[in-house]
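What follows is a single structure, written as structure tokens, with notes after it.
We did not get these values from a lab; they are worked out from the coordinates using the rules stated. No experiment lies behind these values; they were computed from the predicted model shown. Glycine also receives a Cβ, built like all others from the backbone with ideal geometry; neighbour counts cover every protein chain displayed.
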Amino acid sequence: MKLRINLYQPVLQPRLEKMTLNQSAWLVGLVLVVLTFGGLWQYQQLLQQRQQAELVGKQVQNKLKELEVYQQSLAGRQPSMMLQQQAQQLQQSIDQKHQLLSYLKQEISKTPPQYSQVLSHLAAIDLPGIWLTSFQLGQQQQFSGVVKDSQLLPQWLQALGKNALMQGQSFDGVKLQPLAQPPYLSFDVSARPALLAEETLLQAPVTPVPTQPAAPITPASGGQP
């Protein structure tokens with residue numbers, strides 16, 4: 001005769017604790033608050049980097065103009081040692097500004113796009129007769145869609161440019177193509193930081209002024225010996 005002994009006790013069974021509805025709502029709210037503050041902090045850092053980059057770009061332009069003035073003053077005559085030193089210091093300052101500008105542009109490109117803020121702004125500027133089909137954010141921004149009247153596009157772009165994330169951006173290309181069903185048109189708009197548009201000018205090498213010997217003084221005709 002076999003005997004079976006059941007050693008299982010329901011008390012020893014692990015129990016899964018379930019969260020109540022209030023606890024779940026509180027946890028979701030906490031996560032949303034953390035994500036909101038994190039997004040605002042990243043957005044503030046991005047704005048500061050863009051403002052600093054714009055300031056550095058303006059400083060570089062001012063230095064280039066100042067250097068050009070010195071070069072014009074050196075042209076056609078023997079430059080003094082003081083002017084040569086000032087021109088050299090200006091060139092060194094411009095090189096340092098270029099390095100800082102490159103670093104700031106790299107930091108801006110590393111910042112992740114704020115899709116939620118852009119979506120909220122696009123919903124706020126929605127216009128009848130214009131439909132956005134896709135957009136791309138990053139160092140170069142792209143917006144594509146369909147418009148019923150081409151005159152609506154400048155109004156929509158003006159409203160789009162008021163977004164804080166579009167500060168320091170410049171629209172560098174707008175393409176319109178007719179669709180098979182008139183009067184609808186497809187459009188493609190691209191924007192990029194204004195600093196990139198000035199990059200070619202800022203990185204252009206400054207041509208040094210060759211040193212010329214002083215011209216000999218020729219006595220005027222009819223003068224006394």
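Couple of notes before you dig in:
- A convex hull fitted around the alpha carbon atoms of region 115-201 yields 94 Å³ per residue.
- Per-residue extension of 0.36 nm, minus the Cα-Cα distance of Gln117 and Ala25, leaves a gain of 30.8 nm for this segment.
- Each residue, Val69 and Ala164, gets one label point 7 Å from its Cα in the Cβ direction; the gap between the two is 3.7 nm.
- Between Val33 and Gln59, the C-beta separation translates, for a Förster distance of 35 Å, into a calculated FRET efficiency of about 0.35.
- Förster-model FRET efficiency, 45 Å R0, Asp149 and Gln89, C-beta, rounded to 0.05: 0.20
- For the pair Thr133 and Gln48, the difference between a 0.36 nm per residue extended length and the Cα-Cα distance amounts to 27.5 nm.
- Violating pairs (Cα-Cα greater than 21 angstrom) within the set Lys97/Lys162; Lys63/Lys162; Lys58/Lys97; Lys63/Lys97: Lys97/Lys162; Lys63/Lys162
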